[in-house]
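Reading through the structure tokens given below for one structure.
The values are calculated or read from the model by the stated rules, or taken from the named source; none is laboratory data. Note that the structure is predicted; figures quoted are calculated from it, not measured. Glycine also receives a Cβ, built like all others from the backbone with ideal geometry; neighbour counts cover every protein chain displayed.
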Amino acid sequence: MLRAAVVQLSAFNIQQSAQALEHAVAMVHQAAEQKPDLVLLPECTYPSYYLGDQNAPGTTQDELDYVMNAFAELARKYRFHLAVGLPERASGRLYNSAFLFGPQGAVIGKVRKSFLWHFDAHWFSGGGEFPVFDTALGKIGMLICADARLPEIARMLKLGGAEIILDPTNWVSSGGERTKLTNPQFEFMVQTRALENKVWFLAANKIGLERRSILFCGRSCVIAPSGERVLEASADREEILICEIDLGKSAEDEIVPGFSCIKDRRPETYGLLAAINAGQQEQRFTAAASISPWLAACVQSVGAGAAESDGAEIISVLGAQLAVFSSLDSMKANGITDPGYYAADKGIALAAAQEGSAKLFLPDGRCETYHKMHGRTNKRVPDKVHDGGEEPPKPGTNQVFQTPLGKVAFILDEEGLIPEPARIAALQGAELIIWISSELYPLHEKLARTRAAENCCYLAVCFPAERYARSGNMLIAPNGTVMATALPGESQIITGMINPVLAQSKLIVPRTDVVAGRIPEKYKLLVTCDK
């Protein structure tokens with residue numbers, strides 16, 4: 001067992017850098033009283049997060065060397081591993097880095113923030129390496145704050161052997177009450193990272209307000225490989241979280257029985273993850289701009305018989321232009337016995353699953369079919385992803401269908417549990433990803449919200465609700481917000497507006513783009529590793 005201490009610190013302005021260091025050191029002394037094997041501090045523990053420029057006070061090489069020595073001495077004194085976020089100067093550049101000190105005070109390794117957030121790029125350069133460190137405690141990977149928004153980075157660490165991922169972070173927020181501050185990463189994204197990679201995930205954040213504009217939300221946490229949030233800190237108080245970690249749980253790579261986050265990947269189909277496609281996004285954005293916003297419907301059936309047979313009429317009256325069903329049987333139960341005719345007659349596209357595949361009926365008479373590429377069933381098709389009467393495409397090359405409403409993609413069943421299928425769909429230009437599953441998975445809503453937010457795509461989530469009483473079908477916006485959700489266990493039709501332009505603008509905040517901010521040339525491991 002590994003005993004870890006996650007330290008949540010108060011924020012300091014750049015003019016208070018000496019005070020920030022003094023306070024961080026004091027908090028490490030306090031954490032040491034709990035006899036931890038590992039201590040984690042936030043991103044930019046010193047001098048502050050908002051530097052102002054590359055030559056900010058407290059960032060000369062001599063000053064940074066002094067700070068490094070201070071933390072090295074703490075690790076050496078208490079004989080523990082210490083991870084801390086600090087600026088790093090190298091080759092005339094300034095990096096937002098994290099350092100891992102060993103019990104002898106030596107630096108075991110470091111990582112540089114890759115996915116820079118907002119104003120980071122005004123003074124920091126981006127990193128591009130994702131090392132995993134073999135320590136006496138186990139194999140440790142590190143990423144920094146917004147790095148966790150890109151699924152590729154945590155996945156690279158997992159494939160590199162990481163059993164635990166450390167996240168020195170500066171999660172920011174807004175709100176009228178400090179005790180209720182939160183952040184999408186805390187709400188759903190880092191739990192997804194832990195679950196989809198089956199690793200322990202530790203995040204240390206700050207609290208308080210910096211430079212009148214950067215409000216930290218706290219919420220430091222410890223997450224198990226199951227995705228369970230084992231411990232979490234408050235939004236507005238300094239805290240030290242102490243947790244016993246069983247790294248053996250990281251070796252259990254099944255997300256659900258019979259489906260492994262590693263062995264059931266299909267890297268031979270992931271070539272697009274490591275491909276460089278300059279200009280493609282701009283072309284997709286131009287195409288999306290020509291399509292007006294439209295209404296999507298998600299039809300939740302619970303086997304109510306005749307009481308649901310008016311679904312076909314309701315969908316039409318609501319003005320939906322695409323309706324999603326959990327199955328063709330559900331479609332029939334809602335009064336649509338001939339989906340091709342209904343689609344052409346009403347001008348409404350229809351989507352439903354059928355035994356390891358998904359059907360998309362379009363008003364122009366086309367019927368597209370997607371065959372699942374991952375999963376526990378024998379119904380997935382190993383050498384094609386859709387049937388169109390032509391020679392089958394290579395695996396993973398066509399899960400996205402062009403429609404009058406824009407580009408629509410499917411992921412089925414377990415494909416929503418891992419990041420690659422939805423990511424590839426987004427890279428192919430999908431504005432709406434439809435996730436239809438035959439069951440409700442652990443953290444289903446958090447997984448779905450992450451798939452939407454990490455790709456800036458709309459997501460329709462449909463499953464047979466009659467079997468489950470804890471959640472309903474959902475429509476999710478590109479920022480991960482739940483636009484509409486059905487009542488658990490009840491027959492209901494939910495709707496939400498789809499604006500294709502919002503799904504093609506991958507900009508979260510200025511200078512932070514979930515597609516342009518990727519480094520595909522560094523992702524070779526994603527397409528070659530088949531552990």
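List of remarks:
- The residues on offer are GLY271, GLY208, GLY248, and the sole one that is out of contact with any Asp or Glu (no Cβ under 7 Å at 6 or more places or on another chain), surrounded by fewer than 19 Cβ atoms within 10 Å (Cβ to Cβ) and not assigned by TED's automatic domain parsing to the domain that holds ASN170 is GLY271.
- Index of the failed condition, PRO257 passing every other in (1) outside the structural domain of GLY52 (by TED's automatic domain parsing); (2) farther than 30 Å from GLY375 by Cβ: (2)
- Filtering ALA98, ALA154, ALA72, ALA148 for residues that are farther than 22 Å from CYS221 by Cβ, at pLDDT 95 or above and either not assigned by TED's automatic domain parsing to the domain that holds GLU454 or not in a strand (DSSP E or B) (or both) leaves a single hit, ALA72.
- Test: residue in the stretch 155-165 that is in contact (Cβ under 8 Å) with a residue 40 or more places away in the chain, basic (Lys, Arg) and in contact with a strand residue (DSSP E or B) (Cβ under 7 Å, 6 or more places away or on another chain): no
- Residues (surrounded by fewer than 21 Cβ atoms within 10 Å (Cβ to Cβ), more than 27 Å from ILE240 (Cα to Cα) and of a type outside the set (S, T, N, Q)) located in the stretch 96-130: HIS118, PHE119, ALA121, HIS122, TRP123, GLY126, GLY128, GLU129
- Enumeration of residues in the stretch 26-44 that are buried (at least 17 other Cβ atoms within 10 Å of the Cβ) and over 24 Å from ILE245 (Cα atoms): CYS44
- Scanning the stretch 418-449 for residues that are of a type outside the set (A, V, I, L, M), under 23 Å from THR495 (Cβ atoms) and buried (at least 22 other Cβ atoms within 10 Å of the Cβ) turns up GLU431, TRP435, SER437, ARG449.
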